[in-house]
Amino acid sequence: MNDLGMAFATAFGLIVGGDAALWHIIGLSLRVSLSAVAVAALVGLPLGAVLAVMRFPGRRAVVVALNALMGLPPVVAGLVIYLLLSRSGPLGSFGLLFTPAAMVIAQAVLIAPILAALAREALSGLWEEYRDQLRSFGAGPARAVPTLIWDGRFALFTVLLAGFGRAAAEVGAVMVVGGNIEGFTRVMTTAIALETSKGDLPLALALGLVLMGIVLAVNALAQALREIAARQGA
Amino acid sequence: MRARATCLPLEVEGLRFAAGGAEILRGLDFTLDAGAPTLILGPNGAGKSVLLRLLHGLLSPTGGAVRWALPEAEVRRRQAMVFQRPVMLRRSVLANALYPLRLAGMPQPKEAAREALARVGLAALAERPARALSGGEQQRLALARAWALAPEVLFLDEPTASLDPAATRQVEEIVAAIAASGTKVVMTTHDLGQARRLAGEVLLLLHGTLHARGPAKAFFDSPPTEQAAAFLRGDLVW
């Protein structure tokens, strides 16, 4: 009990005092996860929109696969990326293993299916409403997909925030492919895991508080967006 | 009037449509020519909306044919449709009017869109989100959006069904102006007064068949059949 109280006190001290190592870890976490969301969005959002708009053979199989991939265990994703990026792997020559780039790739692979599945769900309703009108305008799928992505932008932004939350909170994949190297690939989640096992609770707790603060802020932003969207009648 | 080939007349031959085991249209034959608006009347479930969607190409017939005077690829751009519940893109009023113009590759789409909004009295609302408009304003925007394309044929599916009398009158004025500008209007309605005001000719659908057809004045003054007369009186028609 006393330990916990002291840990909290020290944790606040670290956050308020602007501890350099702490802020470096936080900064890297944000950079990696935001980059991963950006990369995953480039693939996931158009894929989700295409699945909402087009009917083609094998579509159901793709939807089932995406839903299954949403539950992909991060360590397994990390292991696969590790094998691909390791020196003897097919992409080994790029020398990406144990770099922030590898962590971005791993998180992007993890959340792209989530973005695609959530985007498909968010855009299906919109497509129901738009389908006849867009066909009447003579818009084929190649025009309908960007139209849906733009008109569904509020819903899709909350999808991106959900993806960011998942990426930032993930520990297994970045641990495997990043290696948790101090000052280079150590992010909040891997640092928390390490410091806890070492018994340095104040640093772990400080990082945990910041991480929860970020998740809270992201959800508040998502809620605010939903309210703005509702006001605009979107 | 126009120095281009026309997609009318539209010939409908043995048109059938069935969905989920129910026959909705049971073989229609008629021709639509350029000229005053054609009003499609009939009780609920007669197949009016389905007929419009088949003519516009949103549905494919299960039998028979819809034949335009031009190849299908050219016809698409020469017709437009406005739905009972207007579909508003989640954008500004102006962006809604612009969307189909850009899609069709019209020259100077911005000017055309603004002009179209001005014609239906929405110029002052151009920057507002379209979905924040009232029901009547939304339907006027849908009409402006279709009108801006200068279609040869405009299909209207009960455009005033959910509007109050004032908004209905505004929509009717716009429809009359569209018809006067040379566009062939093909419209369904439940409002017989509206049909009298707008129609050049009338098609009466009963039970998925074309029961009667004729010039509007003659149709309303002396209905061609006992069932047509009953329909105009507001009696149940079986």
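The values are calculated or read from the model by the stated rules, or taken from the named source; none is laboratory data. Please read these numbers as outputs of a predicted model, since none were measured by experiment. Reconstructed Cβ throughout: ideal geometry from the backbone, glycine too, with neighbour counts over all protein chains shown.
Number of residues in the range B:54-72 that are surrounded by fewer than 21 Cβ atoms within 10 Å (Cβ to Cβ), within 14 Å of another protein chain (Cβ to nearest Cβ) and under 22 Å from residue B:182 (Cα atoms): the value is 2. The residues of the range A:163-179 that are under 16 Å from residue A:79 (Cβ atoms) and either buried (at least 19 other Cβ atoms within 10 Å of the Cβ) or touching a strand residue (DSSP E or B) at 6+ places or on another chain (Cβ under 9 Å) (or both), listed by number, are A:170, A:172, A:173, A:174, A:175, A:176, A:177, A:178. Restricting to the range B:102-133, and then to whatever is within 11 Å of chain A (Cβ to nearest Cβ) and not charged (D, E, K, R), can you tell me which residue is nearest to residue B:162 (Cα to Cα)? Among residues in the range B:102-133 that are within 11 Å of chain A (Cβ to nearest Cβ) and not charged (D, E, K, R), the one nearest to residue B:162 (Cα to Cα) is B:133. With respect to (1) surrounded by 15 or more Cβ atoms within 10 Å (Cβ to Cβ); (2) modelled with pLDDT under 95; (3) in a helix (DSSP H, G or I), the lone exception for residue A:102 is condition (2). Among (1) buried (at least 21 other Cβ atoms within 10 Å of the Cβ); (2) at pLDDT 95 or above, which single condition is residue B:90 missing? Every condition holds for residue B:90 apart from (2).
In the range A:142-177, of all residues being farther than 25 Å from residue B:93 by Cα and not in a helix (DSSP H, G or I), the one that is nearest to the other protein chains (Cβ to nearest Cβ) corresponds to A:170. Here residue A:139 clears all of (1) assigned to a loop (DSSP other than H, G, I, E, B); (2) touching a residue at least 40 places away in the same chain (Cβ under 8 Å) except the condition numbered (2). Of the residues that sit in the range A:185-234 and are within 14 Å of another protein chain (Cβ to nearest Cβ), surrounded by fewer than 14 Cβ atoms within 10 Å (Cβ to Cβ) and in a helix (DSSP H, G or I), which one is farthest from the chain's Cα centre (by Cα)? This residue is A:231. Within the range B:172-186, can one find any residue that is among the charged types (D, E, K, R), within 14 Å of the chain's Cα centre (by Cα) and over 25 Å from residue B:104 (Cβ atoms)? Within the range B:172-186 (the criterion being among the charged types (D, E, K, R), within 14 Å of the chain's Cα centre (by Cα) and over 25 Å from residue B:104 (Cβ atoms)), the answer is yes, since at least one residue qualifies. When the range A:7-20 is filtered for residues that are assigned to a helix (DSSP H, G or I) and either at positive phi or loosely packed, with under 13 Cβ neighbours inside 10 Å (or both), the ones remaining, listed by number, are A:9, A:13, A:16, A:17, A:20.
Does residue A:51 fit the bill of being surrounded by 21 or more Cβ atoms within 10 Å (Cβ to Cβ) and assigned to a helix (DSSP H, G or I)? Yes: the conditions hold for residue A:51.
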